[in-house]
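Note sheet for the following structure.
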Amino acid sequence: MDTWQILHIPDNPPIAPDQQPTVDVIASLIDPKFANTLVRRLNQISPLENLRHVKRVKKKFVEGGKTQLSVILCPASENGNQLGSMQNDVQELMNSHKLSPFITKVCKYAALSKEEWEEQCKLWPTSYHPPTYNIDGITGFSEEDSQSVFRFMKYAIHLAKSSDNLVVNAAVIVDPLVKQVITTACDQTCSSYSPTNKITLETSCCEKLEAFISHSDSDGVLNHQTVHSNSFQDKSKQLCTGLSCLYPWQWADQQSDMSSCYWHPLRHAAIVAIESSAARDRYLFPSLGKIQDKSFEMDNVQSSSAGSPAKRQKTNSTNVHSDNDNLDTNGEGSSSLSARPYLCTGFDMYIVWEPCIMCAMALVHQRIRRIFFAFPNPNAGALGSVHRLQGERSLNHHYAVFRVLVPQQILSGEG
């Protein structure tokens, strides 16, 4: 792989034609010179009302470079005598052009992804319209947005490789409106320090947040010093090998060695990043955990899709202003200091390895807008490799998922 690429992971996996629901139609080979006349007439007397995604004409190239056309005359009856069930107008048109009808199958429903559409066309041509969400990036990224995605993913990969030469999963939460890093984290399922000496995540976040805000560069990517602070990694906390999302049950096999290693099976990179983001909000908006319910309200509109506008927790602006007068934030790392974000609504997650079910569901609850990952998770992937949580319609929030293909020179450390 020599160049960066962004691939949309559809909500549902492509389905082979022999597994998709099909219906019978009556078709016939036609003379290409009569194609326009026949199609116009058939659209008048026998429109494909319930098969609008199916193209009326199928083109096939045969030996000698000739084109062979087949046209759908009408849907076939579900009764036994399908050919004898044609309406009179279709029968007359067929007789006048001396057509020889036959029964064939077409896919009953429109394709939900490009991959599914390609499979459908092997049976009979259909139309495909990419899903249109009210969200940037589903149908394509601008050059500026693409470069931003690549930069943040490169940063996440750097985090994954910078833990004392041990490879761990790493997550970066980004506010795409201002292209600023909100927080970063790495796997913390195993740390070589005693749990009795553990510094809590919230305390660490509060102590390091001012450095986190003030040391962000103009592109929203943190410098090396801030990386270690915000990831809650120091010389006394050395992460163990083993990618938590790829091997979510690995901790159970290694609990016997508890003398020098503190195990916590839930502290995957995405979970730690979520916790860090919440601690950041509590630091920036300290009064919101104490005020009464009447001083703030939630938007009534539920987030039901990846395209929902960023939902914010409305707060008393006077209180927020007075609580943050002494913060030198310059607006960095936060899209708005007048309102506390509702969880991670509107934010993007960059994670090196595809998250597991636990992490993916946590990101649903956090109202993440988009998820970008670099490498699939064949063991426990929740966003394409094993499951597709983004396509579970019973959930009350859905994010868009993308895989970022990374150039080899980045992986080898040359880029």
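The values are calculated or read from the model by the stated rules, or taken from the named source; none is laboratory data. On a predicted model such as this, the values are computed, not experimentally measured, just so you know. Cβ placement follows ideal geometry from the backbone for every residue including glycine, while neighbour counts extend to all protein chains displayed. For accessibility, only protein heavy atoms count, side chains too; no ligands or nucleic acids. Shrake-Rupley method; radii C 1.70, N 1.55, O 1.52, S 1.80 Å.
Taking the condition of being touching a Gly at 6+ places or on another chain (Cβ under 6 Å) and of a type in the set (S, T, N, Q), how many residues in the range 4-30 meet it?
1
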(request) Return the residue satisfying two criteria in turn: it lies in the range 360-371 and is of a type outside the set (G, A, S) and open to solvent by less than 10 Å² (accessible area, probe 1.4 Å), and of such residues it is farthest from F152 (Cα to Cα). (result) V364
(request) Residues being charged (D, E, K, R) and more than 22 Å from F150 (Cβ to Cβ): count how many of those fall in the range 1-15. (result) 1
(message) Out of the residues in the range 338-359 meeting the condition of being without any contact (Cβ under 8 Å) to a residue 60 or more places away in the chain and of a type in the set (G, A, S), tell me which one is surrounded by the most Cβ atoms within 10 Å (Cβ to Cβ).
(response) A339
(message) Quick check on the range 338-379: of everything there that is among the aromatic types (F, W, Y) and closer than 18 Å to S277 by Cα, which residue is modelled with the lowest pLDDT?
(response) Y342
(message) Would you confirm, using the coordinates I've provided, whether S276 is modelled with pLDDT of 60 or more and assigned to a loop (DSSP other than H, G, I, E, B)?
(response) no
(message) Restricting to the range 4-30, give me the number of residues that are part of a loop (DSSP other than H, G, I, E, B) and either touching a strand residue (DSSP E or B) at 6+ places or on another chain (Cβ under 8 Å) or crowded, with 18+ Cβ neighbours inside 10 Å (or both).
(response) 9
